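A short worksheet on the structure shown next.
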Amino acid sequence: MLEPKRMSRAVIVGHKSILEATVDALYTANLFQMEDFVEDGSGLEIGTPTGNVSEVSKKIVQIRSIASMLGIKDKEAKKQNENDVLRDLDAKLNELDSELTRRADKKSKLEAELKDIDSTKKELVPFTNIDLDLGLYRGYDSLVVFVGHVKEDPGVVVSNRISSFDYFYDPKEGVVALFAAKADSGVVSEALSSVGFREIRVPDVSGMPATLISDLEKKEAEIVQQMAALDAEVESLNDKYADFILASDEVLSIQTEKSEAPLKIATSDSTFIIDGWVLSEDYDKLNSVVESATNGRAFVSEQEISHEAEDLVPVEYNNSKAASPFEAIMDLYSRPNYKELDPSSIIFITFPLFYGMILGDMGYAAILLTLAFVLKKVISIEAVKPLLNILIYCQISTLIFGVLYGEFLGFPLASFHSSPGLIPGFETIDLFASPFGGEVITYPVHRSHLVMTMIAVTFLIGFIHLATGFMFGFINVKKQHGVVEAIFEKGSWLVIQLGLVLAVLGALGTLPVEIGVGALVIGLIMLVKGEGINGVVELPALLSNSLSYTRVIAVGLSSIYIASTVNEMAFGMIWQPGTSIGFMTIIAIIVFLAGHTLNTVLSIIAPGLHSLRLQYVEFFGKFYKGGGRKYSPFGYTRKYTED
């Protein structure tokens, strides 16, 4: 479990005439990862694609374009026969393409009409309160018409300049339509400029503005209905062709991958060589598959993995089903190198442990646990499911610590120091005196009254966590460079840690101080031998790393104080003298729900980020390098088709 699955390097050799059969067999088996061949002057060349790759690629582009237009997404579907899909592919593609193109063109025209209608309506709006047909604004030989926005009624200003004119003024929109003799055009223009006249365009239509707008709105509604009908038709095409589109995409993708496989293969005039990796447990199966597909005319041979090639070995996790969700956390950082230990199983324990210690509230655990299970039912995205499983593990841990701490949404379940608890008659029990800060260990454990004890406990847990990291580092170095280098490079840190523990016990009078000091000196000498001056420089980091774990209590207490503050605010509102109990109860409920909703969100983020930091920074820093390649065998797990 702590090591990736063993890999074997395999080379497949055969006559060029059976290359396509070999590729088909490897693809179906889905257990051999091909390595790209790089031409090296040996006389071997990269193979050429088989089949009509360009035609298949065009169809894939067409299929995916149609899928995008129809809004088709991955879903559970009944598997279709590959030959049936290929037989109907061209006809259905042409039919779909024609149908969608026709509807898309029609929808584009309707959208253009909508834009024109909207533009015309905006032009008509300034005239809606002027009771005048728009046809009367133009077509005069002896009259000039001024139409535009003004800051005030221009009637007085114009009447002071000329005696004969007619005008319509809308004070709401600040719009004027003024009719005057052409001879008075200059005078009127000057008069209007004094009231901030800005000319506006008169729509080239006839009729009353309000009536025209009403007609346009009716036409707009009709177009919207037509567009909705087109969308419904597209949706019906989605329902009708979704399974076929998904199946076609899968078939064509498989064909493309098979056709392009020779681009990774070394070939000569008559032979081919395929280099790659297979799980050691599947080597015999690979041999059998190739032999069966080629009637024994292709040969599989296992190659020794050189020390230089170890960095190239792809990595496949080897974890239990329970621990496998934490592989997502590993991949988020970096997949382990083939030569080092995989800490997924340790994270399976420590990540929920730290998370639960931080949050430790039954109420929040119940809320988040319910949310996680609901999301697992609703969300079908495979990449999200491991994260939801991690959330479930963390909430189970939170629930356990919530029982230990006796907390529910920030309320203490048991009474303590005359403070009432949520459960009547449930009294806090004194267990024994803590060796830190004169505190008393109780059940339930009241974190806010055991700060020094909790700091010591988290410091000790961090010390053990770091020691585990150094032990992992010892094993990694031993595998790569031998036991002597492992002792000096990583064993020295374990001796220093032991010396620190013995020194503390000596300071407490349990052991002679000299024992701890001696262990520290020995560890320091080993460290200088193993890592040189760099190791000495990193010594203070050991203490700072250990102290980082004490933030577990700090982050946990912040969550408690937020929850407690919300509770005090909410219940304090209900009992305020001189206020309406009914109204304040509503406000209190809003404050209670909003406050705990916010704290629930923070209860996912803060404990999660801090637990992650303790893994990535403190723990991984002691042994982990990463940089491994994911094992990606050549092949495809069919979802929508079958041979």
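Put simply, of ASP88, ASP184, ASP153 the only residue that is of a type in the set (Asp, Glu) and crowded, with 17+ Cβ neighbours inside 10 Å is ASP184. The condition of being at pLDDT 95 or above and either surrounded by 19 or more Cβ atoms within 10 Å (Cβ to Cβ) or not aromatic (Phe, Trp, Tyr) (or both) holds for only one of PHE32, PHE37, that being PHE32.
Candidates in region 594-634 are the residues that are touching a strand residue (DSSP E or B) at 6+ places or on another chain (Cβ under 8 Å) and small (Gly, Ala, Ser); of these, the one that is surrounded by the fewest Cβ atoms within 10 Å (Cβ to Cβ) is SER632. Applying the criterion of at least 1 residues that are over 30 Å from MET7 (Cβ atoms) and free of Cβ contacts under 8 Å to residues at least 24 places away in the same chain to the helices (runs of 4 or more DSSP H) found wholly in region 337-446 leaves 362-378, 385-405. Is it fair to say LYS73 is touching an Asp or Glu at 6+ places or on another chain (Cβ under 9 Å), on the phi < 0 side of the Ramachandran plot, among the charged types (D, E, K, R) and in a loop (DSSP other than H, G, I, E, B)? Against the criterion (touching an Asp or Glu at 6+ places or on another chain (Cβ under 9 Å), on the phi < 0 side of the Ramachandran plot, among the charged types (D, E, K, R) and in a loop (DSSP other than H, G, I, E, B)), LYS73 does not qualify. Restricting attention to region 40-74, the residues that are farther than 30 Å from VAL289 by Cα, surrounded by 11 or more Cβ atoms within 10 Å (Cβ to Cβ) and of a type in the set (Ser, Thr, Tyr) add up to 1. For region 216-236, the criterion of a residue being in contact with a Pro (Cβ under 8 Å, 6 or more places away or on another chain), among the polar types (S, T, N, Q) and assigned to a helix (DSSP H, G or I) is satisfied by no position. For region 527-548, the criterion of being loosely packed, with under 15 Cβ neighbours inside 10 Å, acidic (Asp, Glu), closer than 18 Å to LYS490 by Cβ and at pLDDT below 90 is satisfied by at least one residue. The criterion of at least 2 residues that are touching a residue at least 12 places away in the same chain (Cβ under 8 Å) and closer than 30 Å to GLU233 by Cβ is met, among helices (runs of 4 or more DSSP H) falling completely within region 77-195, by 82-124. The one condition from (1) over 20 Å from VAL13 (Cα atoms); (2) without any contact (Cβ under 8 Å) to a residue 12 or more places away in the chain that SER248 does not meet is (2).
Identify all residues within region 51-64 that are at pLDDT 85 or above and of a type in the set (Ser, Thr, Tyr); write none if there are none. Within region 51-64, just SER57 meets the criteria.
Only a single criterion out of (1) farther than 21 Å from ILE66 by Cα; (2) in contact with a Phe, Trp or Tyr (Cβ under 6 Å, 6 or more places away or on another chain) is not satisfied by LEU114, namely (2). A count restricted to region 264-317 and to residues that are over 39 Å from the mean Cα position of the chain (by Cα), hydrophobic (A, V, I, L, M, F, W, C) and either under 27 Å from GLU340 (Cβ atoms) or assigned to a helix (DSSP H, G or I) (or both) stands at 2.
Here's the yes/no breakdown for (1) within 17 Å of THR28 (Cα to Cα); (2) in contact with a helix residue (DSSP H, G or I) (Cβ under 8 Å, 6 or more places away or on another chain):
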residue: TYR241; (1), (2): no, yes
residue: PHE244; (1), (2): no, yes
residue: SER259; (1), (2): yes, yes
residue: ALA266; (1), (2): no, no
residue: SER270; (1), (2): no, yes
residue: ILE274; (1), (2): yes, yes
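Within region 160-180, being exposed (fewer than 14 other Cβ atoms within 10 Å of the Cβ) and within 25 Å of THR128 (Cα to Cα) holds for ASP166, PRO171, LYS172. Return the only residue of ILE390, ILE329 being under 23 Å from the mean Cα position of the chain (by Cα), crowded, with 19+ Cβ neighbours inside 10 Å and at pLDDT below 95. Among ILE390, ILE329, only ILE329 is under 23 Å from the mean Cα position of the chain (by Cα), crowded, with 19+ Cβ neighbours inside 10 Å and at pLDDT below 95.
The values are calculated or read from the model by the stated rules, or taken from the named source; none is laboratory data. Note that the structure is a prediction, hence the values are computed from the model and not measured. Please note: Cβ atoms are built from the backbone with ideal geometry, for glycine as well, and neighbour counts cover all protein chains shown.
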